[in-house]
Amino acid sequence: MSKPTNAKILRREASPADMTRAALVRAALKLFGRQGFDGTSTREIAAEAKANIGSIAYHFGGKGGLRAAAADYIVDTIQTIAGQAIGNLQAPSDSEAGDPEAARAQLFTALERMVAFIVARPEAGEIVQFVLRELSHPTAALDRIYDGVFEPTHRRLCLIWEQATGEPAESEATRLTVFTLIGQVVYFRIGREAVMRRMGWRAIGDAEATKIATAVTDNLGAILAARKDRRS
């Protein structure tokens with residue numbers, strides 16, 4: 001039976017062993033993202049987590065198992081956030097399919113919540129760094145993240161796009177459009193330092209995230225308006 005992920009542990013009363021396991025996952029997520037898998041030692045991870053180095057082998061079987069657990073933590077965290085923003089990551093119900101206005105509202109909500117998490121939440125930086133490392137040098141951890149987050153979330157957003165615009169969910173144009181919607185949000189995390197310098201911001205907190213959300217949802221509104229004019 002698989003052990004609970006860090007995110008799940010935090011939602012219930014945790015035992016000392018659970019707390020150690022969660023601390024190791026968070027430490028690995030941070031250090032693997034910052035230094036890479038090969039550039040991070042188990043001793044560094046244990047020191048960051050304030051845990052005994054032997055606990056890595058005990059809980060995860062080694063550094064490779066810890067990387068897999070970090071990937072599972074990312075999947076669990078983002079699945080929870082995506083579920084709140086865009087609903088079940090499956091095909092929409094018949095009632096959803098008949099309401100383009102509700103689908104459009106769902107797209108705006110999804111973007112706003114993406115910004116609130118990806119741009120404004122500090123822990124999102126560690127997740128994005130880890131994922132960027134995996135995208136540059138794919139391992140089995142990326143397979144877990146792709147299968148658990150990337151593919152189902154993107155597919156669900158494509159289905160909502162179809163409901164909102166009438167354009168086929170799996171068309172090339174729809175899939176590319178959804179990538180552009182996600183990509184503009186992610187840029188504000190990976191280009192954070194450049195954005196702050198150019199905007200004259202000392203940090204990106206809730207107030208700045210609200211301004212970013214306004215900009216990206218304005219872009220979405222313009223795209224939807226163009227689609228509507230095209231059909232008229």
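Helix 100-114 axis versus longest C-alpha principal axis of the chain: approximately 30°, rounded to the nearest ten.
A simple spin-label model places pseudo-atoms 7 Å from Cα toward Cβ; at residue 225 and residue 102 they are separated by 2.6 nm. Rolling a 1.4 Å probe over the protein heavy atoms gives the chain an accessible area of 54 Å² per residue. Across region 136-208, the volume of the C-alpha convex hull divided among the residues equals 145 Å³ per residue. For region 172-227, the dipole from Cβ point charges (+1 on Lys and Arg, -1 on Asp and Glu) about the Cα centre works out to 140 debye, to the nearest 20.
Here region 167-232 has an Rg and Dmax of 14.7, 45 Å, counting Cα atoms alone.
Note on residue 15 and residue 172: the extension gain reaches 51.7 nm, defined as 0.36 nm multiplied by sequence separation minus the Cα-Cα distance.
Label-to-label distance, residue 187 versus residue 52, with points set 7 angstrom from Cα along the beta-carbon direction: 5.0 nm. Determine, from the Cβ-Cβ distance of residue 121 and residue 150 and an R0 of 22 Å, the FRET efficiency 1/(1 + (r/R0)^6), rounded to the nearest 0.05. That gives a FRET efficiency of 0.70.
In terms of the ratio Rg/(2.2 N^0.38 Å) built on C-alpha atoms, what value belongs to the chain? Walk me through the intermediate numbers first.
Working: Rg = 19.5 Å, N = 232, 2.2 N^0.38 = 17.4 Å.
Working it through for the chain, the quotient is 1.12.
On the chain, 54 percent of the accessible area sits on carbon and sulfur atoms, based on a 1.4 Å probe.
Work out how much length residue 207 to residue 137 would gain on full extension: take 0.36 nm times their residue separation and subtract the Cα-Cα distance, in nm to one decimal.
Details: separation 70, 0.36 × 70 = 25.20 nm, distance 3.50 nm.
Net length gain for the segment: 21.7 nm.
The values are calculated or read from the model by the stated rules, or taken from the named source; none is laboratory data. Bear in mind the structure is a predicted one, so any value in this text is a computation, not a measurement. Here Cβ is always computed from backbone atoms with ideal geometry, including for glycine, and neighbour counts include all displayed protein chains. Surface areas here come from the heavy atoms of the whole protein model, side chains and all, with no ligands, DNA or RNA. Shrake-Rupley method; radii C 1.70, N 1.55, O 1.52, S 1.80 Å.
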